[in-house]
Structures are given as structure tokens and as C-alpha cells.
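Remarks on the structure that follows.
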Amino acid sequence: MPAVTAFEGGFLHTPDGATGNGLVLTHGASSNCNAPLLIVLAEGFCAAGLTVLRYNLAFRQARPHGPPYPAMAARDRAGLAQAVRAMRERVSGKIFLGGHSYGGRQSTMLAAEEPDLAAGLLLMSYPLHAPGRPAELRTAHFPKLGTPALFVHGTRDPFGSVDEMRAALELIAAPHEMVVVESAGHDLGGKGSYARLAERVVDAFREFGVGAIS
């Protein structure tokens, strides 16, 4: 049975039949590594043979509640980079990186800064813009993103419509795809639907071909 243990600012899911690959997943601005979505995703990827780290970003390690401070975002990315490097000491294969909302945004920014850090990105509900402020896009780093990226986005996400996301993804030269989740908001559905979503995401990530995950 897969083991879950405390590790490097979060929790490590170790599979029975490890493929040698790993995944670091992190959370949104108002959440933490125990978010139901992250837990179910970690379980799904672990069942596929990946060693998965659910990681608390630096701002959440510093305080249990409250949003991240923009001025401290670089510290969040530095901690995330360290988490990836710590995972490299545990697995011999490829390391993938991703997260939900703010965590996914920081993952893309980190990958743009350090293109060799991760083999691929998994980005759940990328926060393209603040709700009601579609002109203020968070895409300045997209042209520098050279890491293959799979985006998962709901059709009712106030942080960016599917059409807005498709237009923004044209800025990314690296291979990229988007999984559209019908009728889902920024949280990508209720707790009961996460198991089905995780199965779909694992399959999509495998088919995307960012490096064999099994």
C-alpha cells in the first residue's frame, strides 16, 4: 500500500511500484498542501507509479492562514525549487512540477526562470487574471516558458475563460495542451468529483507525452 509521510514542507506519497519519476504539487493562495484536490491528485499519480510531494509554499509554512504577499513571491519560488531538488535525491527519473491557481502560476514562473528544473508542468486553474480584470493578464513570462505544460481549466472559472486561456497559451512556444472541465469553477468541482477528475488528469498527462509517467 502506498505510504504517506511528512517530508520537506509537506507530505510525500511513495508508490508500491515506483516508476522512478516524481511530481511536486502545490496549492492556491487561500489553501495549503492538504487541499482535497491536491490529495486526490497525489493519490492518482502515486497509483500510476510516481513519487508525489504535496508541498506547502513558503508563505504557508510561515503562517497557517492568509494570502501570499506579492513582494514575497520570489521566496515562494525559491522554496519550490528546493522542493524539486529534494525530490531529485529521492527519485532517479524525471521530475514534474505543478499546482493549483497561485501554486501553478509560481510553477510556470519558476520554470521560465530555470528551464531545466522540471521535465513538464501540470497547471490546474491557472489564474490568468483577477476576476473582473481581464486586461491585467499574468502572462509576461509565457514567451520564456520552454517547459511542456498541461493546463486544466474549468468553463466557469472567473480567473479566465477557456477562450481567454486559449489565446494566452499561444504565447507559449513549448508544447502545451489544455484539458477543459465542463461546468467547473476555479476549484474544478466539488470534493465528490475530484476522483473522476484525477483519473482524467493522470490519463491526459500520460497522453500529453511530456515524458513517460509510467
Table column - 3J(HN,Hα) (Hz), region 155-162, Karplus curve with 6.51, -1.76, 1.60, x for Gly and Pro: 6, 10, 7, x, 8, x, 6, 4
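Filter the trypsin sites (Lys or Arg not before Pro) in region 1-94 down to the DSSP loop ones having no more than 16 other Cβ atoms within 10 Å, then list what survives. Kindly include the intermediate steps, with their values, before the conclusion.
On the way: sites: ARG54, ARG60, ARG75, ARG77, ARG85, ARG88, ARG90, LYS94; in loops: ARG90, LYS94.
The qualifying sites are ARG90.
Going by the alpha-carbon gyration tensor, a ≥ b ≥ c the square roots of its eigenvalues, is region 3-208 rounded (a/c under 1.5) or, if a/c is not under 1.5, prolate (a/b greater than b/c) versus oblate?
Values: a/c = 1.34, a/b = 1.25, b/c = 1.07.
Note, shape of region 3-208 comes out rounded.
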Whole-Hz couplings from phi, Karplus 6.51/-1.76/1.60, listed for region 75-87; x for Gly and Pro: 5, 4, 5, 5, x, 5, 5, 5, 5, 5, 5, 5, 5
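Given R₀ = 35 Å, FRET efficiency for ALA130-ALA195 by Cβ-Cβ distance, to 0.05? Display every interim value, and only then the final one.
Numbers: r = 30 Å, r/R0 = 0.86.
The computed FRET efficiency comes out at 0.70.
Each value in this text was obtained by applying a stated rule to the coordinates, not by laboratory testing. These figures come from a predicted structure and were not determined experimentally. We place every Cβ from the backbone using ideal geometry, glycine too, and count neighbours over all the protein chains shown.
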